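No value in this document is a laboratory result; all are computed from the given coordinates. What you see is a predicted model, and the numbers here were worked out from it, not measured in a lab. Here the Cβ positions follow ideal geometry from the backbone for every residue, glycine too, while neighbour counts run over all protein chains shown.
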Amino acid sequence: MRRPARPGVWLVATREYRFFRRDRAGYLLVTLVPLIAFAVLTWTFSSAVVRGLNIVVVDADRSEISAKLIQAIAAAPGLQVSERAGDLKSATQAIRSGRAIGAVYIPPRFEEDLLAARRPQIITFYNAQYFTPGNIAGRGLSDAISDAVAQLSPLRDVRLPAVGSGSLVVEQYVLTNPALNYAGFLLRAVMPTTLHVVIAIATAYAVGTEFSRRSRRAWLRCAGGSPLIALAGKLLPLFALFFALLCLEALILHAGFELPYRGNVPMMVFAAMLFIIAHQSLAALIVLMVRNLALGLSFVAIIASPAFGYAGIGLPVLAMNGFAKAWGAALPIRWYQQILFDQAARGSPIHASAPAFAILAGMALGFFALAWWRLSRLLAELPSEEDVPLPQDGPGHGVAGAFIGEWRRVLADRGVFSFLLVAPIFYGVFYPQPYLGQLVRKIPIAVVDDDRTPLSRRLIQALDADEAVSVAVRAPALDVAQQALFDRRVFGILEIPPDTEREVLKGNEARIPAYVDSEYFLVFNRTLQGSPRVPPTPISPTFRGVCVSTARRLDWS
């Protein structure tokens, strides 16, 4: 005779495994849905670096130099000349229709003015509705035009005498993701965010079915009467599955997209475990509070689905309002993403990620303890009350009777009511909260002033007055500024080398390195807009050569 299974965690976990293996909806939810999502995301970001941005060229000069300039633009990384328009109206229409993301206008007599050293102006347009591709196109055009004009200008080898007014040239060094790899940013962010929705809903489904077609008494008997073992055993099989999926995600990024993990791998592993436990415990707590499968699933979906906006990935936390910051801080996904980007992308020291790790651990333990407490209360109240049947439609015929009867069902079923009526209204107010700021302003940067002259002080004042950036840290050395970057107090570093003012007064170019963090593309692009801005003449940035290119953004969003 076969001995009965011994109650404990393993028996509860075996019960959950058998349930999901037999339940078609649960099986599809925990296996096919995340695998299909990973496959679609991997295929979407298979071209990880932005290439082939279409550019329209309006050549009103039609000279030999303008033809060489167009060739240089076509050869620029990430750009391709897709169309040659006859006038600016046609170029603008190409951008509006989506056939191109940018345009270049070469004015008449460009070659003549260039040979006469009159500094002709090339105008570039780019569409800022698509923020990152637009800024990449604008930056690529500026670099390509500057390099081309420097080579084409007949004065490139002429050394003008110093007149006491040199130029400042900002050299930008991209940190974290210098290739602007989309997979390194979006795929690393979107995959865990997609998975956290599946984690929450699958856990809510596993717990909620105990209040519908399964038996809480059987659940408790398998656990030997212990609510702690009952909860741990229920979460264990899903935890193992989702941890395996996170490992699969890491394998896709590391082996498939060749993205390195620059930080502490054990910290990332433990953070992934805490991330899963926290979202499982939160979902279990919500369902145990409402004691209804449909209503619990609705609440869990409302909380989990818009979490990408509150995680500080698409829009940085510094641009959010108070409610969005507070709500995002209460979600485990916010702190897991911070640890993941700090350790995997930045290679930050462990102590820089320690506060986020401690918060994530506290959430995992806190939500699990609350779910355990709530389950203990519910199991102590067994036997549970009988389910109340839905009210009948009553007499009614025809379309009007069917309409009234259907609305009675909707109003009587809390899950259906919350899904059809409450959720759309709640989402309309809740989902846009992180984006109400619309623009990212005053991104904090650090300045290392090794020159300490009136020129450097004017430069710092001009930067601090800019709308895009704000000088938050004045570091005595570069390593101090780097530590502020790791601590997320700043997102860029500007270093003013010694003898900068002296070189400018001698009429030479003074090069100022700017280190910009590209961990989040929106912050990166906005910082680039502010970091090169310096005071007006006689201290003004110039392009190499004799042609100045003015970039204009087109935004029809």
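Results, tabulated for the structure shown:
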{"read-out": "Under 15 Å, Cβ to Cβ, from L360 - net charge with Lys/Arg +1 and Asp/Glu -1", "value": "0"}
{"read-out": "Cut-off under 5 Å, modelled amide H: who pairs with L53 long-range", "value": "L79, Q80"}
{"read-out": "Low-density loop positions, GluC sites (Glu not before Pro), region 454-513 - DSSP coil, at most 14 other Cβ in 10 Å", "value": "E467"}
{"read-out": "Around I70: net Lys/Arg minus Asp/Glu count, Cβ-Cβ under 9 Å", "value": "+1"}
{"read-out": "Anchor K325: lysines whose Cα lies under 18 Å away (excluding residues fewer than 8 positions away in-chain)", "value": "K442"}
{"read-out": "Nearest-0.05 FRET efficiency for A255 and L115, computed from C-beta distance (R0 41 Å)", "value": "0.15"}
{"read-out": "Per-pair calculated FRET efficiency, R0 = 60 Å: V40 and A462 via Cβ, rounded to 0.05", "value": "0.85"}
{"read-out": "Prolate/oblate/rounded label for region 457-512 (Cα gyration tensor, a/c 1.5)", "value": "oblate"}
{"read-out": "Cα-projected label distance for W10 with Q93, points at 7 Å along beta-carbon direction, nm", "value": "7.5 nm"}
{"read-out": "In region 245-297, chymotrypsin sites (Phe, Trp or Tyr not before Pro) in a DSSP loop with at most 15 other beta-carbon atoms within 10 Å", "value": "Y261"}
{"read-out": "Rough spin-label spacing in nm, given labels placed 7 Å along Cα→Cβ, for E509 and D143", "value": "1.5 nm"}
{"read-out": "Proxy reagent accessibility, fewest Cβ within 10 Å first, across K506, K442, K234", "value": "K506, K442, K234"}
